[in-house]
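Data first, discussion second: the structure below is written as structure tokens.
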Amino acid sequence: MTTDTQRSFDARELRQVLGSFVTGVTVITTVDAEGKPHGLTANSFSSVSLDPPLILWSQSLNAPSHPVFRDCERFSVNILADDQVHVSNRFAKGGADKFADTMVETGLGGVPLLAGCAAHLECRKVHAYPGGDHVVFIGEVERVQRHGRQPLVFGGGRYLVAQPHDIGPVGVESTANIARLKAVRIATRAMAELSDELDETLGLGVWGNHGPTIVRWEEASKPVSDNLRTGLVLPVLTSATGLAFAAWLPRQTTAPFVDAEFMQDAGGSFYPDPSRLPQQLELFRTDGYVRLVGTDEFADLYGQSISAVSVPVFDADGAMVLALTAIGSRERLDTGPDGKLVSGLRRCSAGISQRIGSASSNP
């Protein structure tokens with residue numbers, strides 16, 4: 001047997017390596033002898049057998065609720081949905097009544113089932129095995145419910161969004177909208193990896209019915225603002241995302257929005273004279289990216305002056321489908337043409353464009 005002195009890793013490194021295995025997130029619930037509900041967040045859940053139907057999960061021996069789960073007859077596995085991060089966080093902490101603001105239903109044996117989950121498994125505990133500093137509980141599944149919601153995902157120490165894998169054939173049912181959804185899915189993972197690499201806040205924009213629209217955010221360790229939200233519609237002339245679409249989309253697509261903003265003087269800070277816009281857009285196309293430095297146009301939203309860099313992402317036909325944009329405070333965001341941010345964005349957008357093209361060209 002390998003001793004502690006022979007190991008080449010410590011507990012922290014092992015935890016980080018195990019974090020590379022992406023899992024779902026569950027809340028395990030039960031009731032004690034007095035009927036009081038108990039629950040805790042766990043991603044150690046796994047299937048064991050289909051016949052008989054068995055599952056397992058493990059709990060630390062030091063967990064405050066361990067005596068309750070050790071002695072209980074039943075427990076339920078609540079597989080959380082992707083909008084239940086707050087539920088996961090609540091049941092991961094001790095202290096206050098975790099069920100106080102939680103909607104529940106009563107399951108078999110009086111065990112609570114959390115509302116809004118992706119699925120539930122109601123189990124009778126049949127075995128408990130020692131496992132080092134944990135105990136492994138085996139449950140026989142007696143009732144299941146699946147609610148058709150996307151599951152919450154966890155890996156690498158943070159919550160993730162589950163998306164279908166897009167490398168593979170594109171079916172004959174594909175339309176322009178499906179193609180764009182596929183592009184967003186492909187870009188989401190690449191954007192998350194780049195955000196981690198650079199520790200910068202990145203947004204993914206599409207051209208929607210109301211103009212430039214942010215459909216994804218990836219936050220830096222120090223977020224720009226608490227007001228980042230998906231569905232944010234941006235102006236064309238005063239945002240890096242909007243200017244990227246103005247530079248690379250056909251003029252007839254963007255003209256109604258550009259003209260309306262000039263009529264409202266919305267672009268006055270950057271383009272007081274509409275006659276300058278074509279030259280500026282041509283410069284962006286030559287450089288391959290859009291850069292805004294120290295704009296106050298979004299001070300009400302972000303609470304500060306920001307800088308931004310945006311690069312286009314193209315489909316297999318060379319048409320712009322997405323804008324990949326970095327934002328940050330003017331003092332810390334390096335927008336230089338030879339800096340890590342601009343080179344990283346351009347490298348990322350090229351990789352996404354290539355993957356979109358590969359997915360679209362598969363028979």
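The values are calculated or read from the model by the stated rules, or taken from the named source; none is laboratory data. Every value quoted in this text rests on a predicted model; they were computed, and no experiment measured them. Here the Cβ positions follow ideal geometry from the backbone for every residue, glycine too, while neighbour counts run over all protein chains shown. Areas reflect the complete protein model, heavy atoms only, side chains present, ligands, DNA and RNA absent. Shrake-Rupley method; radii C 1.70, N 1.55, O 1.52, S 1.80 Å.
Pairing residues of region 13-29 that are closer than 27 Å to Lys125 by Cβ with residues that are at pLDDT 80 or above and in a loop (DSSP other than H, G, I, E, B), at Cβ distances under 6 Å and at least 6 apart in sequence or on separate chains, gives Thr23/Asn43; Val25/Asn43; Val25/Leu80; Thr26/Phe45; Thr29/Val111. There is at least one residue in region 60-83 that is among the charged types (D, E, K, R) and crowded, with 16+ Cβ neighbours inside 10 Å.
Taking region 280-301 as the range and being at pLDDT below 90 and either open to solvent by 60 Å² or more (accessible area, probe 1.4 Å) or among the basic types (Lys, Arg) (or both) as the test, the residues that pass are Val293, Asp296, Glu297, Asp300. Do we find that Glu140 is over 30 Å from Arg12 (Cα atoms), out of contact with any Asp or Glu (no Cβ under 8 Å at 6 or more places or on another chain) and either in contact (Cβ under 8 Å) with a residue 40 or more places away in the chain or surrounded by fewer than 14 Cβ atoms within 10 Å (Cβ to Cβ) (or both) in this structure? Answer is yes for this residue. Of the residues making up region 310-343, those that are within 19 Å of Arg285 (Cβ to Cβ), open to solvent by 40 Å² or more (accessible area, probe 1.4 Å) and either touching a helix residue (DSSP H, G or I) at 6+ places or on another chain (Cβ under 6 Å) or assigned to a strand (DSSP E or B) (or both) are Phe314, Asp315. Exactly one residue out of Thr213, Thr253 is surrounded by fewer than 22 Cβ atoms within 10 Å (Cβ to Cβ), in a strand (DSSP E or B) and touching a residue at least 12 places away in the same chain (Cβ under 8 Å), and it is Thr213. Suppose the filter is under 21 Å from Leu80 (Cβ atoms), part of a strand (DSSP E or B) and at pLDDT 95 or above; does Phe137 pass it? So Phe137 passes the test. Say whether the condition of being loosely packed, with under 14 Cβ neighbours inside 10 Å and either of a type in the set (S, T, N, Q) or closer than 19 Å to Asp51 by Cβ (or both) is met by at least one residue in region 109-123. No, that holds for no residue.
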